[in-house]
1. If you take the residues of segment 158-185 that are surrounded by 12 or more Cβ atoms within 10 Å (Cβ to Cβ) and hydroxyl-bearing (Ser, Thr, Tyr), which of them is farthest from residue 60 (Cα to Cα)?
2. Check 32, 92 and return the single one that is out of contact with any helix residue (DSSP H, G or I) (no Cβ under 9 Å at 6 or more places or on another chain), surrounded by 12 or more Cβ atoms within 10 Å (Cβ to Cβ), closer than 19 Å to residue 161 by Cβ and at pLDDT 75 or above.
3. Which members of segment 102-113 meet the condition of being farther than 13 Å from residue 72 by Cα and not basic (Lys, Arg)?
4. Confirm whether residue 155 is surrounded by fewer than 20 Cβ atoms within 10 Å (Cβ to Cβ), within 23 Å of residue 26 (Cβ to Cβ), acidic (Asp, Glu) and touching a strand residue (DSSP E or B) at 6+ places or on another chain (Cβ under 8 Å).
5. Specify which of the listed residues (170, 130, 85) is of a type outside the set (Phe, Trp, Tyr) and at pLDDT 95 or above.
6. Could you give me the residue pairs with C-beta distances under 7 Å whose first residue belongs to segment 1-28 and is over 20 Å from residue 149 (Cα atoms), whose second residue is modelled with pLDDT under 75 wherever it lies, and which are 6+ apart or on separate chains?
7. For the list (1) within 24 Å of residue 99 (Cβ to Cβ); (2) surrounded by fewer than 13 Cβ atoms within 10 Å (Cβ to Cβ); (3) free of Cβ contacts under 8 Å to residues at least 60 places away in the same chain, I need the number of the one condition that residue 142 fails.
8. From 161, 151, grab the single residue that is under 23 Å from residue 47 (Cα atoms) and touching a residue at least 24 places away in the same chain (Cβ under 8 Å).
Amino acid sequence: MSDESKAKKNPQGKRVGLIMVHTGNGKGKTTAAMGTAFRAAGVGFRIKMIQFIKGSWDYGELHSAKKLEHFEIIPMGEGFTWETKNRERDTAVAARAWDACREAIEKNEHDLLIFDEINNVIAYGYLDIKPVIEALKKKPADMHIILTGRDAHPDLIDIADLVTEMREIKHPFHRGIYAQRGIEY
């Protein structure tokens, strides 16, 4: 598909819904999505974030979202998949989270949807890329969607309007400094 045929028009400043991907091995993918959500909340957007991996942890973004009008975060994961080592359960968890994402697209009740760490579950093979691409192609024309996580699938990168790669240069974890409340969660 040529760039010209994929071009989205923005006549008279009308909103054109974008597909945005934050990927890469560096820290900041979810944080960047949260920054966009914070900006969107400031202009009255209705926002929903569905989290594929984060689950029962008590982390800062949940508390922040509650303080903003029209910003909902739905943690649907059961923790970090590399720790669970239960492929069947992780696949079922990913399927439930994807069903919530697909339903959010179809209901069209939000201006911005964020599918947090969806790239990870696709890369791990817990979720098939095909239905994700199909749903994204059918999204409402003015709906924005952000997909985060490492190892974004090439087909997802292809249909996205914006792709940002976070590249790790230095991380405190490598010096034995573990995730800290208020910074990583």
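The values are calculated or read from the model by the stated rules, or taken from the named source; none is laboratory data. From a predicted model like this one, the values you see are computed outputs, not experimental measurements. Cβ coordinates were reconstructed from backbone atoms using ideal geometry, including for glycine residues, and neighbour counts include every protein chain displayed.
1. Among residues in segment 158-185 that are surrounded by 12 or more Cβ atoms within 10 Å (Cβ to Cβ) and hydroxyl-bearing (Ser, Thr, Tyr), the one farthest from residue 60 (Cα to Cα) is 164.
2. Working: 92 fails: closer than 19 Å to residue 161 by Cβ.
So the residue among 32, 92 that is out of contact with any helix residue (DSSP H, G or I) (no Cβ under 9 Å at 6 or more places or on another chain), surrounded by 12 or more Cβ atoms within 10 Å (Cβ to Cβ), closer than 19 Å to residue 161 by Cβ and at pLDDT 75 or above is 32.
3. In the first step, residues of segment 102-113 are kept if they are farther than 13 Å from residue 72 by Cα; the result is 102-103, 105-108.
Residues satisfying the conditions are 103, 105, 106, 108.
4. Working: surrounded by fewer than 20 Cβ atoms within 10 Å (Cβ to Cβ): yes; within 23 Å of residue 26 (Cβ to Cβ): yes; acidic (Asp, Glu): yes; touching a strand residue (DSSP E or B) at 6+ places or on another chain (Cβ under 8 Å): no.
So residue 155 fails the test.
5. Working: 170 fails: at pLDDT 95 or above; 85 fails: at pLDDT 95 or above.
The unique qualifying residue is 130.
6. Listed by first residue and then by second, the contacts come to 16/8; 16/10.
7. Tallying (1) within 24 Å of residue 99 (Cβ to Cβ); (2) surrounded by fewer than 13 Cβ atoms within 10 Å (Cβ to Cβ); (3) free of Cβ contacts under 8 Å to residues at least 60 places away in the same chain, residue 142 fails exactly one: (3).
8. On the way: 151 fails: under 23 Å from residue 47 (Cα atoms).
Only one candidate passes the filter, namely 161.
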